[in-house]
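The next block holds one structure in the form of structure tokens; read it before the comments.
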Amino acid sequence: MQIQIKRAYAEVLATDGKRILVDRLWPRGIKKKDAKIDLWPKDITPSTELRKWYAHDPEHWEEFQQRYRTELQEQAALLQQIKEIAKQEKISLITAAKSEKYNHVIVLKQVLEES
């Protein structure tokens, strides 16, 4: 399984594989045709309530990870769909998150790779 995390604002490359947007909101300033997104499963992202609570505050990181993993348990079918794609080809999890160290995509990638 090849899974990479890539910022929405980075150049689209042929080596990206299947491009999956994993943000609930569309990235600002990017045209849909330019983003070349293959799949946008909004339900795989943190809930609005969790996203607002977390607010990318590193002090909330540990608890955020636990809460997000709990939310992901409700999305087993969607997780399985993404895992199946990742077994067939490389995928890029696309996000507009600024922090490369404290964002939900890190947790999502871990969950996808765990099983």
Exposed GluC sites (Glu not before Pro) being those in a DSSP loop with at most 12 other Cβ atoms within 10 Å, the longest stretch of the chain free of them is 12-73
With the label point 7 Å along the Cα-to-beta-carbon line of residue 26 and a cut-off under 12 Å to each amide N, the hits in the stretch 33-75 are 33-37
Could you check how many percent of all C-alpha pairs in the stretch 3-114 are farther apart than 16 Å? 56 percent
May I ask for the distance between the Cα centers of the stretch 1-27 and the stretch 29-65, given as a whole number of Å? 13 Å
Stretched out fully, how many nm does the piece from residue 7 to residue 39 gain, at 0.36 nm a residue minus the Cα gap? 10.0 nm
If the chain between residue 49 and residue 74 were fully stretched, how many nm would it gain, using 0.36 nm times the residue separation less the Cα-Cα distance? 7.4 nm
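None of the figures in this text is laboratory data; all of them are computed from the coordinates on show. Everything numeric in this text was worked out from a predicted model, so none of it was measured. Virtual Cβ from ideal backbone geometry, glycine too; neighbours counted across all protein chains shown.
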